[in-house]
Amino acid sequence: MAAPLTLLLIVAVTIRAVLFRSSLAELILERVEVVSPLNAWKRVVEGLALLDLGVSPYSGDVFHETPLMIYLFHFMVDYAEIVFMVTDGLTAVALYLSIQTYNKNVFRKQKYALESDRYPADCLELLRSPKEMFYIPLKVAMFYLLNPFTILSCVAKSTCGLNNAIIALFILCTLKGSALLSGILLALATYQSIYPLTLFAPALLFFLQRLYIPVNLRRSSFWFFTLQYAFIYVGSLVVITGLSFFLLGSWDFIPSVYGFIFSVPDLTPNIGLFWYFFAEMFEHFRLFFICVFQINVFFYTIPLSIKLKEHPVFLIFMQIAIISIFKSYPTVGDVALYMAFLPAWSHLYRFLRNIFLVSCVLLACSALFPVLWHLWIYAGSANSNFYYAITLLFNFGQVKGPILISHFT
Amino acid sequence: TFFQVTSVSLFIAEVYTPREVNTDGSIAAEDLNERQWQSTDVEVDRSDGTKDSESFTAAAARDQFQEELVIRPLHSGDIYASFQFRTLWDIDFLQERQKVSHYRLFPKSLGQVLSKFSVRELHISFTQGFWRTMQWGQPFIPSPPGAELWVWFHDTVSDVDGNWKELTNVLSGIFCASLNFIDLTNTVQPSASFKPLGLGNATDHRFLRYATLPREIVCTENLTPWKKLLPCGSKAGLSVLLKSEKLFHSSFHSQAVHIRPVCQDEQCTSKAWELRQTLNVVFDLYTSSQGKKEWSLFKMFSRTLTEACPLATSSKIYVDITDNPELFELNPVTPLLSQAVVLGDRRTYSVFDLTRAETFGQLCSLNLLLRDMLRPLLHAERYVAGFGLQTGEIHTVIYNNHPYRAFPVLLMDSVPWYLQLYIHTLTVTSKSRDNKPSYIHYQPAKDRHRPHLLEMLIQLPPHSMTEVTVQFERALLKWTEYTPDPNHGFYVGSSVVSALVPSMVAMNTNFTQDQPLFSSFVPVKEESSYFVRVYTEPLLVNLPTPDFSMPYNVICLTCTVVAVGYGSFYNLLTRTFQVDEPSLPLEKRLANLIRRIRGVPLLA
């Protein structure tokens, strides 16, 4: 399968290169749907310029990237386009390999189940054949690389692409069974934006399943492995945070990055629900609702883990979807990551209700976002309510979509 | 002066005394005592000089010569100079028939013309260029382009046309012009337009002739004979300024000769001929002054004045200073001022009296300088560029108007936190080239805590414009942070430009108690520069606004979407599936009920 993948990579790189050289690149760089105050390229350049001026990038409120990003881009700022194209390619390859591994696992389990006659008679049509499953990894890679959201995110040089790459590598390492690498990459993903913390549970469940350790709170083997994995994870996190401290010699980055993600002070419009809600919030209730909205992201982890403990990969998909919808500054790059997984469960499509409706809603909203933004900001003939309405609809469609799929696993 | 002159009279053939002239131009009561062709050292008794004046007037003519130059700067930057040379020929009007052979100041050629052709009034003008009334205002002596000649003959003339023909030929000889082209085909007798400008009550228009030659060109050949008619020629007084290489390098040039009979004095007891030679010239800002609004006599005429014409009773230069505070400053300053109502406008004039020795100063030469007011050397403007409510650009423009010195300025900008500045987009350009500031202090803003502070030291090249641009993004604020009139916009305070500007005049570093307050506010540390602070305009910037009527609606709708998500998850997580037995029809259920009571096995 190397040849089709290579071809796909070449096509994707060509599209991105063409867009980088066109005049659309500057237009896309400023779109609020594609970049947010957390991952805009303009802010990265501004942070580096502040560093050159001798001022700490975290002394103002314009730069919210982690210090490792400063390290990375200090040397790579002239090759930024290549960096982002390589990142996208890396993500696609990681997803390809992980879905391949996953399919092998699934097929193996199915074979054992068939041999032990655990399937009822009328479920036979749900069984998957290798022939069907052969092209799924390629489809996943294609869904990621050729997704317009991903292309826009790459051309805008949004650091969301880097975050996606780290998460994809984490998934790959988890599925390959390497607990050490998985822990380190998860720590890196958490360090970049806090929300991947919720992916700890599905990764743990996967490892437990792989090592045939039963998920029983009374068994010592369970705690043994959990503590090992937690130690790797927390240790890496501490090391990375310490390294960041030594870059600039201060802890300024913690309130600037993590405080910013949690307290949502910047109300720049984006495709999420937070901005208008907190623009119109009564001051008295602001803290309460910040807490409510942030808890909402982390809150589904435990129940979903309990329900889906037999299917940790699907749980990872669900968690990524929940993060993308309910995080404080979502962009289309985050949406693209979980949409890439959809072909992995293509055998369930015929059981989904309303798939047509949901996809139409998402498509229409994506088209209306720039139109209503222009009407509000440039033409002055609409107001913020128009853009907010499309935001609501988009999120509603997103909420319904993965849930529909989850109904049938 | 009286005794001085009388002693000099031993040696000079023509003796006269300068008259004291009052500001309104009338002749003082003190009379002259003229000695003619006789040397005498008779001491005239000053006390009864007025009474004895008549006894000394023999057949001596009392000619008078006055010369005057009016300089008026025009609003377009051009300058208008008007010379008038007036000779009064004291000859008895009624005795004009007798042969006149006694000429002093009045030119002989013209005198002979007057007597031969029985001319009462003669007006001739030669003009190059067209007078632009709307740009230059009204001229003192108007004239059409080309040559114009109009003459009133005495009513004793029998053949006016014959006189007219001969007169035109003689005049063309005198003035070296082709006035011989004036004949009956271009001569008219206006009945109402050209009434006599001098004395005389005859208005029979048969004795008036008017002709113009629009094609006539004026050049040095016309100027030279014109200058010869002046008493001092072109050797002394104002007529030294009449150099043709400068006079003809102008937008408008007009020379004229006007002869008419006038009253000698206010009571009109006797009459005299008046000869006025006028020369109007307008110098163009770009051809004569290279675009700089700085005029001087030397620049206009390539000469300066050294003395008045000795034959003149009055020799004055009037500079129109009515617009002085706005347009220019005059050098040297003169204490004499005069006001006059001319052409329906009251105007103020600075008067330079050339008959006074102190006008010429130590260098014995007078060069008037009219210079534009000292323009401010440092000046700054600021504006917002861009469109839409998302981004924008602040442009600050600083002007250095010093012609040759460069100096550094310190620019301070304080921008509120809701306009997020991107310092990597800061550009400073001077004369369309990059100009890197030598010192930048930037403190970025903290949301809702402190604003941006940007301070830069920029070196301004001389006579240049420097532009500082920086891009910004507009933030969406919480609905309570907007003012009650959010669509008015938000104000950004002025930028401050502070500099030590090099001074053209040495500053006074000594601090004294009796310095006026306005000069002692800023301490002066060095002589060669002064401290100045320039503020730019404040800016008004619009921010995107949320809908202020919607807080409750927004909270409800957003919570609805979150609740839908929550509900779906809840359903997913807590729903259990049970296999549902197909239900029996009604009669079988009743039968089962009876069977249960009876205790027998149930139906399927």
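The values are calculated or read from the model by the stated rules, or taken from the named source; none is laboratory data. Source: prediction; values computed, not measured. Methodologically, a virtual Cβ is constructed for each residue, glycine included, from the backbone with ideal geometry; neighbour enumeration extends over all protein chains shown.
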Considering B:270, B:191, which residue is surrounded by 13 or more Cβ atoms within 10 Å (Cβ to Cβ) and of a type in the set (S, T, N, Q)?
-> B:270
Out of the residues in region A:268-292 that are closer than 12 Å to residue A:327 by Cα and not in a helix (DSSP H, G or I), which is nearest to the other protein chains (Cβ to nearest Cβ)?
-> A:273
Filter result for the condition that a residue is free of Cβ contacts under 8 Å to residues at least 12 places away in the same chain and either surrounded by fewer than 15 Cβ atoms within 10 Å (Cβ to Cβ) or more than 20 Å from residue B:68 (Cβ to Cβ) (or both), over B:358, B:329 = B:358
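So that you can scan it fast, the table gives a plain yes or no per residue for (1) in contact with a helix residue (DSSP H, G or I) (Cβ under 7 Å, 6 or more places away or on another chain); (2) away from chain A (no Cβ under 14 Å):
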residue	(1), (2)
B:499	no, yes
B:502	no, yes
B:522	no, yes
B:532	no, yes
B:539	no, yes
B:543	no, no
B:553	no, no
B:557	yes, no
B:587	no, yes
Can you work out which of the residues in region B:223-267 that are over 32 Å from the mean Cα position of the chain (by Cα) and without any contact (Cβ under 8 Å) to a residue 40 or more places away in the chain is surrounded by the fewest Cβ atoms within 10 Å (Cβ to Cβ)?
-> B:267
Leading residue by the ranking (nearest to the other protein chains (Cβ to nearest Cβ)) among those in region B:444-481 that are buried (at least 17 other Cβ atoms within 10 Å of the Cβ) and among the β-branched types (Val, Ile, Thr) = B:470
Residue satisfying all of: in region A:33-65; out of contact with any Asp or Glu (no Cβ under 8 Å at 6 or more places or on another chain) and at the interface with chain B (Cβ under 8 Å from one of its Cβ atoms); surrounded by the fewest Cβ atoms within 10 Å (Cβ to Cβ) among these = A:53
When (1) modelled with pLDDT of 80 or more; (2) more than 14 Å from chain A (Cβ to nearest Cβ); (3) in contact with an Asp or Glu (Cβ under 9 Å, 6 or more places away or on another chain) are applied to residue B:370, the one that fails is (1)
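Each row is one residue, and each column tells you yes or no for (1) surrounded by 17 or more Cβ atoms within 10 Å (Cβ to Cβ); (2) facing chain A (nearest Cβ under 7 Å).
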position	(1), (2)
B:382	yes, no
B:389	yes, yes
B:399	yes, no
B:406	no, no
Of the conditions (1) of a type outside the set (Asp, Glu); (2) at pLDDT 90 or above; (3) closer than 30 Å to residue B:71 by Cβ, residue B:130 fails just one. Which one is it?
-> (2)
Pick from B:542, B:510, B:571: which is of a type outside the set (Val, Ile, Thr), exposed (fewer than 13 other Cβ atoms within 10 Å of the Cβ) and within 60 Å of the chain's Cα centre (by Cα)?
-> B:510
Single unsatisfied condition, residue A:261 versus (1) touching a residue at least 24 places away in the same chain (Cβ under 8 Å); (2) in a helix (DSSP H, G or I); (3) over 21 Å from residue A:72 (Cβ atoms) | (3)
Taking the residues in region A:1-32 that are under 24 Å from the mean Cα position of the chain (by Cα) and in a loop (DSSP other than H, G, I, E, B) as candidates, determine which candidate is farthest from the other protein chains (Cβ to nearest Cβ).
-> A:31
Taking the condition within 10 Å of another protein chain (Cβ to nearest Cβ) and out of contact with any Phe, Trp or Tyr (no Cβ under 6 Å at 6 or more places or on another chain), does residue A:314 pass?
-> no
Name the pairs whose Cβ atoms lie under 8 Å apart, with the first residue in region A:17-31 and more than 17 Å from residue A:159 (Cα to Cα), the second of a type in the set (A, V, I, L, M), and 6 or more positions between them or separate chains?
-> A:17/A:85; A:19/A:25; A:19/A:28; A:19/A:151; A:19/A:155; A:24/A:155
Quick one: which residue in A:357, A:348 is at pLDDT below 90 and in contact with a Phe, Trp or Tyr (Cβ under 6 Å, 6 or more places away or on another chain)?
-> A:348
Looking only at region A:356-405, and only at residues there that are of a type in the set (Gly, Ala, Ser) and under 20 Å from residue A:346 (Cβ atoms), the one that is surrounded by the most Cβ atoms within 10 Å (Cβ to Cβ) = A:401
Going through region B:214-236 in order, the residues found to be under 16 Å from residue B:143 (Cα atoms) and of a type in the set (Lys, Arg) are B:215
Helices (runs of 4 or more DSSP H) lying entirely in region A:294-409 (those with 1 or more residues that are under 21 Å from residue B:558 (Cα atoms)) | A:312-326, A:332-339, A:355-373, A:384-406
